[in-house]
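Read through the structure below, which is laid out as C-alpha cells, and then see the notes.
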Amino acid sequence: MSFTFSAEVADRDVVAAFEIAPGETVALLGPNGAGKSTVLAVAAGLLAPETGRVVLDGRDLLDTARGIDVRPHRREVALLAQDPLLFPHLSVRENVAFGPRSRGQGRRPARARATDWLEQVGLADLGERSPAQLSGGQAQRAAVARALAAEPRLLLLDEPMAALDVAVAPALRQTLRRVLAERTTLLVTHDVLDALLLADRVIVMEGGRIVEDGPTRDVLARPRSSFAAQLAGLNLAAGTWTGTHVQLADGTALHGIVAGPQPAAGEQVVASFRPRSVAVHLDDAAGSPRNSFPVVVTDLEPLGDLIRVRSEHLSADITAPAVADLDLVPGTPAHFVVKATEIAVYRLT
C-alpha cells in the first residue's frame with residue numbers, strides 16, 4: 001500500500017513532499033522543531049494544512065484543492081506516540097480488541113485477534129491485566145498490538161521508545177522489527193539504532209524542509225546534512241570541489257578522498273570524517289597529507305574510555321590522558337588535525 005504526502009503548513013513553516021512504497025518503513029529524522037510531528041499530524045488527520053494532498057493506496061485522504069479531508073477515524077491510519085494512551089478502564093486484551101471492534105467485528109473474533117497480537121508482542125499472559133499493572137515497556141508493546149490489530153494501511157510511529165528505560169527499549173525495538181515487516185510505516189525518531197534496525201529509508205528534515213532522502217545505510221554512512229552527520233557521529237564540512245580539494249566557505253582547503261562519482265570542478269560537495277580520526281594539537285600541525293582546523297574547545301564529553309572534544313562545528317575523540325596533557329578545557333584554542341585519507345568527499349547532487 002503506497003503513501004504519498006505533500007503539504008504546506010504556513011503557520012509552522014513546514015513544506016514537505018515524499019512517497020513511501022508499499023511495505024516500506026521510512027524513518028523521519030531531524031532536530032526538534034524540524035517539522036516531523038507536523039507531518040505525522042497532517043498524515044493522521046489531526047492538523048489541517050494550508051495546502052496539501054495525502055494519498056493512501058490510491059485513496060485521497062486529503063486534497064485541499066478539492067475540499068477533501070477524511071476524518072481521522074476513517075483514514076485507516078494508526079498513530080502510535082511516546083505515551084501508550086491505553087484505555088485505563090479496559091483490560092489489556094480489550095484495549096487491543098478495540099480497533100477490530102470499532103471496525104465492526106464481533107466481540108469473539110475481535111478478542112481472538114487481540115489474543116493473536118498479544119502473542120506476537122510477547123504479552124500473551126497479560127491480557128486480563130489492567131494497563132496500570134503493566135510496566136512502561138509492556139504498555140508500549142500493548143499499544144503496538146492495539147495499533148496493528150486495527151489493520152491500518154499506514155502506521156505512524158512518533159518516538160515510540162523515547163519514554164522507555166534504556167534497558168527496556170531493545171526488546172520493543174526487536175518487537176517492532178518483527179511486526180513491521182512488509183508494513184507501510186512512517187517512523188519519527190532521534191535514535192540512530194531505530195533508523196538502522198527498523199527503516200528501509202531515511203528522510204532528514206531541517207527547518208521545515210526535506211534536506212536528505214535515501215536508503216538508511218547510505219544516509220548514515222555518507223550523511224550530507226548536519227543533523228544526519230551528528231546522528232551518525234560524523235564530522236561534516238560542505239564546500240566546493242576545485243578539482244583537487246574541497247574549498248570551504250572560509251577559504252580553507254580540505255584534502256580528502258572522493259567516494260562515489262567524481263565531482264566536476266565548481267560542484268558542491270560534502271566531506272565527512274569520524275571524530276576518532278581527528279588528532280588534537282595546541283599548535284598548527286598541518287602537512288601535505290593532513291588537514292588542520294583552528295578551533296576553540298566548547299565542551300568535553302566522556303564516551304567510555306575516550307573523551308569527545310567539541311568545537312562549534314567539529315568533534316574529536318581522544319583519550320583522557322591526552323586531554324590532561326593538553327590541558328583542554330572549554331575556551332582552549334586548539335587545532336583539529338585529520339589525515340586526507342580519513343576524509344571522504346561526496347557529491348551533493
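Relative to one another, the C-alpha centroids of segment 1-52 and segment 274-349 are positioned 37 Å apart.
Semi-axis lengths, largest first, of the ellipsoid equivalent to segment 233-347 are 27, 13, 12 Å, with √(5λ) applied to each eigenvalue of the Cα gyration tensor. When the helices of the chain are scored as -39500 (n - 2.57) per DSSP H run of n ≥ 4 and the total is divided over every residue, the value at 222 nm lands at -7000 deg cm²/dmol. Among MET161, MET205, sorting on how many other beta-carbon atoms sit within 10 Å of each Cβ, with the fewest leading, yields MET161, MET205.
Shape class of the chain from the Cα gyration tensor (axes a ≥ b ≥ c, square roots of the eigenvalues): prolate, since a/c reaches 1.5 or more and a/b is larger than b/c. Amide H to amide H distances under 5 Å link ILE343 with ILE257, where only residues 5 or more positions off or on other chains count and H is placed in the peptide plane. Listing ILE318, ILE343 from fewest to most neighbouring C-beta atoms within 10 Å gives ILE318, ILE343.
Measuring from label point to label point, each 7 Å out along Cα→Cβ, what is the THR319 to LEU248 span in nm? Taking the simple label geometry, THR319 and LEU248 are separated by 2.7 nm. Each of ILE257, ILE307 has some number of other Cβ atoms within 10 Å of its Cβ, and from fewest to most they run ILE257, ILE307. Here the Karplus relation 6.51 cos²θ - 1.76 cosθ + 1.60, evaluated at θ = phi - 60°, turns the backbone of segment 196-207 into coupling constants of 5, 8, 10, 9, 7, 9, 10, 10, 10, 10, 9, x Hz, with x for every Gly and Pro. With both residues required to sit in segment 3-221, DSSP beta bridges show an antiparallel share near 60%.
The protection proxy used here, the mean number of other Cβ atoms lying within 10 Å of each residue, ranks peptides 39-49, 131-141 as follows, highest first: 39-49, 131-141.
A short reminder: the numbers here are calculations on the coordinates, not readings from a lab. Note that the structure is a prediction, hence the values are computed from the model and not measured. Reconstructed Cβ throughout: ideal geometry from the backbone, glycine too, with neighbour counts over all protein chains shown.
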